[in-house]
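The values are calculated or read from the model by the stated rules, or taken from the named source; none is laboratory data. Because the structure is a prediction, the values reported are computed rather than measured. Because the Cβ atoms are built from the backbone with ideal geometry, glycine has one as well, and the counts that use them run over all protein chains shown. Accessible surface is based on the protein model in full, side chains and every heavy atom, while ligands, DNA and RNA are left aside. Shrake-Rupley method; radii C 1.70, N 1.55, O 1.52, S 1.80 Å.
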Amino acid sequence: MSDSNPEFTDIFAITSTMGCGSSMDSFDEPKTVVVFGATGLLGGSVARALLNDPFKFRVRCVTRRTNSDKARELAELGAVIVNANLDDTKSLEKALVNADAMFLTTHFWEEKNKQKEIVQGLNAIDAAVSCGVSHIIFNGSENVKKIIGRDCSHLDSKFSIEEYIREVGLNYTILRLPFWYENFYTVFKPYKLKYGVYALALPMEDGILDCMAVEDVGECVYDILCKPKLFYGKTLGLCADRLSMTNIVDTFNKHFDTMKFKDPKIKIRDYENFKFAGSKDLAAMFEFYRDGTSVVRDIKVTKKLNSRTKSLDKWLDENKDYVEGAIREDEEDAQT
């Protein structure tokens, strides 16, 4: 894992004294940015960051659920809510007409179908080409199968979409993201070992985990879109904190007075045999994270894009109620 990436040294030397207001790119009028996945954690982060600056950005939020609470919240912030489906190229073209830029994130876990995710990503890219979108920012990934020799469908699919983006000739910026802190109150919430004691069950063994708050990604995308030409053709690995399991457990124990957290020291090979859909995929992801040598996530680059990115310590200080709420919800469900 790298703390710095020489590819971006010159970029940030040029822009070290420049804020968004002194961008090299013209903002005579607001740019229209189409955000996919806007009612999810990642797309929502991007949409909110852009909506905070209506003088620079008009935001269209793509969703299939235009009447959802999250869609209504974004509309109240000033977003135009657009009904489109990644399986339907015509609906995508309608969403992208006259757009300047597109933030694209694709979703494997809804149907757990690698090929379908790839096709959906390609549909969005083809629609962007057809509509003359000038810049794509994509939530991508390394080729995990090539690196560790085993399938990791939800990351390998994104690498396949990356390859297509590079082929079609549009300006692009690829983001490669780390483990999200928000996973601690969603997918990887602590589970109860006994009264008052909870496990943080990440099979990192002795590896170091790159982490970041997904809410901080939005400000990174905002900065990229303020001066997009500097980031054309670039792949940026983002990260705010780099932690061992001991670091993570100690940080949790610092913030919770009535709960004790432990690392159950689960092995990757044991994790992949757990009886839930996707366990093998997630085990491969953690093996990739643990391997580290091919994972480039750069704290310095990330801080240049968003100087307010949070450490796990700071994030828990602000969000421990979400974690505690998720734990209590699980306990209540177990009693019913």
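For the structure I just gave you, tell me whether GLU324 is out of contact with any strand residue (DSSP E or B) (no Cβ under 9 Å at 6 or more places or on another chain), within 14 Å of LYS189 (Cβ to Cβ), in contact (Cβ under 8 Å) with a residue 12 or more places away in the chain and open to solvent by 50 Å² or more (accessible area, probe 1.4 Å). Criteria met by GLU324. I'm checking my understanding of the structure. Among residues of region 70-85 that are assigned to a helix (DSSP H, G or I) and open to solvent by less than 100 Å² (accessible area, probe 1.4 Å), which one is nearest to GLN120 (Cα to Cα)? Across region 70-85, the extreme among qualifying residues is ALA71.
The set of residues in region 240-298 being in contact with a Phe, Trp or Tyr (Cβ under 8 Å, 6 or more places away or on another chain) and within 18 Å of VAL323 (Cβ to Cβ) consists of VAL249, PHE252, ASN253, MET259, LYS260, PHE261, LYS262. Tallying residues that are part of a strand (DSSP E or B) and either surrounded by fewer than 24 Cβ atoms within 10 Å (Cβ to Cβ) or free of Cβ contacts under 8 Å to residues at least 24 places away in the same chain (or both) within region 120-138 yields 2. For region 321-336, filtering for residues that are more than 18 Å from ASP257 (Cβ to Cβ) and assigned to a helix (DSSP H, G or I) leaves 6. Annotation: of all residues in region 93-114 being part of a helix (DSSP H, G or I) and touching a Phe, Trp or Tyr at 6+ places or on another chain (Cβ under 9 Å), the one that is modelled with the highest pLDDT is ALA95. Residue-level analysis places LYS314 among those that are basic (Lys, Arg) and without any contact (Cβ under 8 Å) to a residue 12 or more places away in the chain. Before we move on, is ARG65 touching a helix residue (DSSP H, G or I) at 6+ places or on another chain (Cβ under 8 Å), modelled with pLDDT of 95 or more and among the basic types (Lys, Arg)? No; evaluated as a whole, the condition is false for this residue.
Residues that are under 30 Å from ALA326 (Cβ atoms) and either open to solvent by 50 Å² or more (accessible area, probe 1.4 Å) or in contact (Cβ under 8 Å) with a residue 24 or more places away in the chain (or both) within region 170-187 comprise LEU175, ARG176, LEU177, PRO178, PHE179, TRP180, TYR181, GLU182, PHE184, TYR185, THR186, VAL187, listed in sequence order.
Only one entry in ASP270, ASP298, ASP257 is among the charged types (D, E, K, R) and without any contact (Cβ under 8 Å) to a residue 60 or more places away in the chain, namely ASP257. Can you name the residue in region 150-169 that is over 19 Å from the mean Cα position of the chain (by Cα), of a type outside the set (Val, Ile, Thr) and in a helix (DSSP H, G or I) and is also surrounded by the fewest Cβ atoms within 10 Å (Cβ to Cβ) among such residues? That would be GLU167. Applying the set (1) touching a residue at least 60 places away in the same chain (Cβ under 8 Å); (2) in a helix (DSSP H, G or I) to GLU117 leaves exactly one unmet item: (1). If you go through region 281-303 and pick out every residue that is surrounded by fewer than 17 Cβ atoms within 10 Å (Cβ to Cβ) and assigned to a helix (DSSP H, G or I), you end up with 3.
Applying a threshold of 6 Å to beta carbon distances and a minimum spacing of six or more residues, or different chains, the list of pairs starting in region 280-291 at a residue that is under 17 Å from LYS114 (Cβ atoms) and ending at one that is open to solvent by 20 Å² or more (accessible area, probe 1.4 Å) and modelled with pLDDT under 95 reads LYS280/GLU272; ASP281/SER153; ALA283/GLU272; ALA284/ARG150; PHE288/ILE148.
Which one is surrounded by the most Cβ atoms within 10 Å (Cβ to Cβ) among residues in region 86-105 that are touching a residue at least 60 places away in the same chain (Cβ under 8 Å) and out of contact with any His (no Cβ under 9 Å at 6 or more places or on another chain)? Out of the qualifying residues, it is PHE103. Restricting attention to region 239-259 and to residues that are among the charged types (D, E, K, R) and within 23 Å of the chain's Cα centre (by Cα), the residue that is least open to solvent (accessible area, probe 1.4 Å) turns out to be ASP241. Applying a threshold of 7 Å to beta carbon distances and a minimum spacing of six or more residues, or different chains, the list of pairs starting in region 190-206 at a residue that is under 12 Å from ILE268 (Cβ atoms) and without any contact (Cβ under 8 Å) to a residue 24 or more places away in the chain and ending at one that is surrounded by fewer than 20 Cβ atoms within 10 Å (Cβ to Cβ) and β-branched (Val, Ile, Thr) is empty.
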